[in-house]
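Shown next, in structure tokens, is the structure this report addresses.
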Number of protein chains: 2
Amino acid sequence: MRVLSKATVYGLRALVYMASERERTGYVSIGEISERLNISFHFLTKTFQTLTQHGILESYRGPNGGVALTKPADQLFLTDIVHVLEGVDFFDKCLLGLPGCGTFAPCPVHDFWKAAKEAMKNEFDNTSLAELGEKVTDDRFRLVA
Amino acid sequence: MRVLSKATVYGLRALVYMASERERTGYVSIGEISERLNISFHFLTKTFQTLTQHGILESYRGPNGGVALTKPADQLFLTDIVHVLEGVDFFDKCLLGLPGCGTFAPCPVHDFWKAAKEAMKNEFDNTSLAELGEKVTDDRFRLVA
DNA sequence: TAGTTTTGGGACAAAATTGTCTTAAATATA
DNA sequence: TATATTTAAGACAATTTTGTCCCAAAACTA
């Protein structure tokens, strides 16, 4: 049951890593993140560029440059990231791929799937990067194989 | 939120179509299904071949040949199909893609995701092709754009 | 100013998924 | 037996996703 593309998975892991570095101030370099999390530097860079373009991150070039969250981590939610990286229709797709599947013209699994999506969206709406970062900092949860 | 590959989506739609043809006896040709559901004939054929190889369908060649469910539609569940087309580890994957993510070494979203997967699996375990086929027969639900 | 570090952006390659086509094998019918 | 119908199987192409590489632009440091 694969729900997120690799680009999104890497982006999320990287953002949670940033959020987990609580006390730290200033920019974090993409090189550091990619090393720590074992993610391809260039691939992550591209994902981060779209996050920057969409206001999730701000970046700064040069020595001591890098990226930083534009808001405190407790104000950035999974839904925000997923909307940018997977599209705003992420929680709005038919399980059987039918375009325009809805209450008026539903597929046979519409009712169940609608509920499942809502539960998922609810969780994503209420889970912040800060919350996930803390779990990593407290060391009971991991971000890397 | 895309969960199933196109191969699985097409396969499922086709199977539900077969189940929806209640009174019918004998084989249904792949050509008929692909026409009715607007699915590429050759692509569907390949998916059906793997379903045949895994005992979900039986096939018969020649005039009046086609495919048929190996069991009554009320004894075939979504989980059966998904296990064949997506793999038996379908309900067992980490949202963040970490290999071996589990209670002992969880990712930060493990608890939520585990529950979500269980809910999903529970629904798939208990939804039969017959149930979905009926919904289509009764005409309140659709399988095609 | 020159050199180093870092992101930005594009070209490009590899791999996986999706889709098309051709031929063979099995079966029925005339 | 010859022909038509249907699935089986594999080659192949197109598309999307994933991954790599190179060079430019921005910023710091000496």
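The values are calculated or read from the model by the stated rules, or taken from the named source; none is laboratory data. In this text, all values refer to a predicted model and were calculated from it rather than measured experimentally. Glycine also receives a Cβ, built like all others from the backbone with ideal geometry; neighbour counts cover every protein chain displayed. Keep in mind that these areas ignore ligands, DNA and RNA; they rest on the heavy atoms of the full protein, side chains included. Shrake-Rupley method; radii C 1.70, N 1.55, O 1.52, S 1.80 Å.
The table below lists the values:
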item	result
Exam field: residue A:6 pseudo-label spacings to other copies (7 Å along Cα-Cβ), nanometres	2.0
Size of electric dipole in the protein assembly as shown: Cβ of Lys, Arg +1 and of Asp, Glu -1, about Cα centre, debye, nearest 20	700
Exam field: residue A:36 pseudo-label spacings to other copies (7 Å along Cα-Cβ), nanometres	5.6
Shielding of A:135-143 by partner chains, average beta-carbon count, 10 Å	4
Translational diffusion coefficient (Stokes-Einstein; Kirkwood radius from C-alpha pairs) of the protein assembly as shown at 25 °C, 0.890 mPa s, in µm²/s	117
Reachable lysines from residue A:121, criterion Cα separation under 25 angstrom, eight or more residues apart if same chain	A:6, A:71, A:93, A:135, B:6, B:93, B:114, B:117, B:121
Residue A:103/residue A:145 FRET efficiency (R0 51 Å; Cβ-Cβ; nearest 0.05)	0.75
Dipole magnitude of the stretch A:6-137 about its Cα centre (Cβ charges: Lys, Arg +1; Asp, Glu -1), debye to nearest 20	320
Protection proxy ranking, peptides A:37-46, A:109-118, average beta carbon neighbours within 10 Å, highest first	A:109-118, A:37-46
Cysteines without a disulfide-compatible neighbour (Cβ-Cβ under 4.7 Å), chain B	B:107
Threshold 20 Å² - residues in the stretch A:1-17 whose accessible area is reduced by that much or more when the chain is no longer isolated, probe 1.4 Å	A:1, A:2, A:3, A:4, A:9, A:13
For the stretch B:52-65, Karplus couplings with θ = phi - 60° (6.51, -1.76, 1.60), whole Hz, Gly/Pro x	5, 4, 9, x, 7, 10, 10, 10, 9, 8, x, x, 6, x
Average other protein chain Cβ within 10 Å of Cβ, residues A:37-48	0
Helix-only mean residue ellipticity at 222 nm for chain A, each DSSP H run of n ≥ 4 adding -39500 (n - 2.57), per residue, nearest 500	-15000 deg cm²/dmol
Protein accessible area in the stretch B:10-105, 1.4 Å probe - carbon and sulfur %	50
Chain A - percent relative contact order, Cα under 8 Å, separation 6 or more	30
Accessible area buried at the B-A interface, both sides summed, 1.4 Å probe (Å², nearest 100)	3500
Nearest-to-axis residue of chain A, judged by beta-carbon position, where the axis maps A onto B, in Å	A:3, 3
Residues of the stretch B:1-122: accessible area per residue with a 1.4 Å probe, Å²	51
At 7 Å out from Cα toward Cβ: residue A:25 inter-copy label distances (nm, ascending)	8.3
Furthest towards positive pole of dipole, B:130, B:33, B:116, structure part the stretch B:6-137, Cβ charges	B:33
Solvent-accessible area lost in complex, 20 Å² minimum, residues of the stretch A:90-112 relative to chain alone, 1.4 Å	A:90, A:93, A:95, A:96, A:98, A:99, A:105, A:106, A:108, A:109, A:111, A:112
Whole-Hz couplings from phi, Karplus 6.51/-1.76/1.60, listed for the stretch B:119-128; x for Gly and Pro	4, 5, 4, 4, 5, 5, 5, 10, 9, 9
